[in-house]
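J.: Okay, handing you the structure first.
The values are calculated or read from the model by the stated rules, or taken from the named source; none is laboratory data. Not measured: the values here are computed from a predicted model. Virtual Cβ from ideal backbone geometry, glycine too; neighbours counted across all protein chains shown. Note: accessible area is taken over every heavy atom of the protein model, side chains too, but ligands, DNA and RNA are not part of it. Shrake-Rupley method; radii C 1.70, N 1.55, O 1.52, S 1.80 Å.
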Amino acid sequence: MKIKSFLAKPFANYIYRQIKKGMVTAVADQQHIFQQLIKTGMKTGFGRDHAFDTIRSHEDFVQKVPVRDYEAFKPYIEKIKEGKHNVLWKGVPIYFAKTSGTTSGVKYIPITKESIPNHINTARNALLCYMAETGNNGFADGKLIFLSGSPELERIGGIPTGRLSGIVNHHVPKYLRSNQLPSYETNCIEDWEQKLDRIVEETINENMTLISGIPPWMQMYFDRLTEKSGKKVGELFPNFSVMVQGGVNYEPYKAKLTESIGRNIDTIELFPASEGFFAFQDSLNEPGMLLNTNSGIFFEFIPVNEISHPAPTRLTLKDVKVGENYALIITSNAGLWAYNIGDTVKFVSTAPYRLVVSGRTKHFISAFGEHVIVEEVEAAILTAAAAENIHLTEF
């Protein structure tokens, strides 16, 4: 057994036990996080504007702090960009995650010293849970690729700013650096086609054991590998055993990706966003992803048919029900307060709290009050594709 996989085994078992314990204390952990967030928030400009010193309960919070999207948060972000301190969180953010919004243009999402572990440790925990459950830790000795944006950062208001995947690239643990591909120089290439060609050159003759990225990017990578080698990806990389994916629903891409690999492979699903890392697949044997209930984020859930109401019902974790669609609202140690991230989720279990992403709050059809959501549209596409034996690459 190689040294990295050998050392990973006891650590994986330790983290797995901690996560199992957290499943039982999820509601209590959420209450504790809420109290700590309010305590810190009292000393901020946002906290003073919303009388945090009078908030004693979630009910008080609902009364004092309305649900906001980015557009409503923007005045506070602008103050941070002007160099002001203690605006949304203590001090200033250590990063801005730059993301393109559908309605707000470019968004600058704060990442703080306190919130960065949520982004880093959650992906790690997903892999460690996989190791502990399956016993497959050999991939830790091979080459790992994270298809991501450029790690080069600009400065906005003196704050390092870039795509989340590029920011996270700076925090890959040292013990994985020697395993990580592509090279830093290749990762910095902005043109995707040129970057993809370089990634293929750097990886095609390597012992790739784990590949991670959003499904459309991975499919383009697989297509280019096969085009250059004439082989299925699974043949080209015989020790390739784990695929980590997130960002979009995996199901529409699953058949085509599996065909490109040429064999079945273990997959781990993640639910990351610039605003936080919300959930991860903790088990291959259970549906859904485990909600990150003890990682600096307090969650609220609004029934999806109330999202446009001026005073919607705002449920905490203890009140959610299996099978209901909810808009996901977060309050976090990044300085986001009752923030509507725009995603809808549906719980598949409440013991423990596992969910699936069901769509976007603004992506629905409701010409006659039918309120057809993304989940239903994707299910229809999958049914039609299966009937016609079509493999989807992108849609």
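J.: Summing -39500 (n - 2.57) over the DSSP H runs of n ≥ 4 in the chain and dividing by its residue number, what mean residue ellipticity at 222 nm do you reach, to the nearest 500 deg cm²/dmol?
T.: Helix-only estimate at 222 nm: -11500 deg cm²/dmol.
J.: Run the paramagnetic zone check for Thr54: 7 angstrom along Cα to Cβ, then residues of segment 301-318 with backbone nitrogen under 20 Å.
T.: 311-312
J.: May I ask you to compute the full-extension gain from Ser349 to Val106, defined as 0.36 nm times their residue separation minus their alpha-carbon distance, rounded to one decimal in nm?
T.: 84.0 nm
J.: Anything in the chain that counts as a DSSP H helix reaching 30 Å or more along its axis (C-alpha) with Kyte-Doolittle mean of at least -1.0? List them, would you?
T.: 3-24
J.: Right, another one. In nanometres, what is the gap between the two model label sites at Lys254 and Glu154, each 7 Å from Cα along Cα-to-Cβ?
T.: In this crude label model, Lys254 to Glu154 measures out at 4.0 nm.
J.: Among the listed pairs Lys231/Lys254; Lys174/Lys254; Lys113/Lys321; Lys195/Lys254; Lys81/Lys143; Lys195/Lys231, which are separated by more than 28 Å between their Cα atoms?
T.: Cα-Cα > 28 Å for Lys174/Lys254; Lys113/Lys321; Lys81/Lys143; rest within.
J.: Packing-wise, with mean Cβ within 10 Å as the measure, how do 187-196, 349-358 rank, highest first?
T.: Those peptides, ordered most packed to least, come out 349-358, 187-196.
J.: Label-point separation (nm) for Gln180 and Asn13, each offset 7 Å from Cα along Cα-to-Cβ?
T.: The two pseudo-label positions are separated by 2.9 nm.
J.: Leaving out ligands and nucleic acids, note down the accessible area per residue over the chain with a 1.4 angstrom probe, in whole Å².
T.: Computed with neighbouring chains in place, this is 46 Å² per residue.
J.: Okay, moving on. Among Tyr253, Tyr108, Leu37, which residue has its Cα furthest toward the positive end of the charge dipole of the chain, with +1 on Lys/Arg Cβ and -1 on Asp/Glu Cβ?
T.: The residue sitting farthest along the positive end of the dipole is Leu37.
J.: Once you place label points 7 Å from the Cα toward the Cβ at Lys39 and Glu82, how far apart are they in nm?
T.: Result: 3.2 nm between the two label points.
J.: I've got another one for you. What is the percent carbon and sulfur in the accessible area of segment 148-207, measuring with a 1.4 Å probe over the protein chains and ignoring ligands?
T.: That share works out to 49 percent.
J.: Follow-up. With just the Cα atoms defining each centre, how far is segment 322-349 from segment 204-282? Give it in Å.
T.: Cα centroid of segment 322-349 versus Cα centroid of segment 204-282: 27 Å apart.
J.: Ignoring ligands, DNA and RNA, please state the percent of accessible area on segment 277-348 from carbon and sulfur, probe 1.4 Å.
T.: 44 percent
J.: Which of the GluC sites (Glu not before Pro) found in segment 51-157 are loop residues per DSSP with 16 or fewer other Cβ atoms within 10 Å of their Cβ?
T.: Those satisfying the criteria are Glu82, Glu152.
J.: Can you match Rg and Dmax of the Cα atoms in Å to one of these, (1) 21.3, 66; (2) 29.1, 98; (3) 20.3, 62, based on a calculation from the structure here?
T.: Read-out from the structure maps to (1).
J.: Among the aspartates and glutamates, select those whose C-alpha is under 20 Å from the C-alpha of Lys39, and discard any that sit fewer than 8 residues away in the same chain.
T.: The qualifying aspartates and glutamates are Asp29, Asp49, Asp53, Glu59, Asp60, Glu114, Glu300.
J.: Do any trypsin sites (Lys or Arg not before Pro) in segment 51-105 lie in a loop, going by DSSP, with at most 10 other beta-carbon atoms within 10 Å of their beta carbon, and if so which?
T.: Passing sites in segment 51-105 are Arg56.
J.: Can you tell which of Ala311, Ile19, Gly135 lies farthest toward the positive end of the dipole of the chain, using +1 and -1 charges on the Cβ of basic and acidic side chains (Lys, Arg; Asp, Glu)?
T.: Value: Ile19.
J.: Grab the Cα-Cα distance for Lys21 and Lys228, subtract it from 0.36 nm times how many residues apart they are, and report the gain in nm with one decimal.
T.: Full extension from Lys21 to Lys228 adds 69.8 nm.
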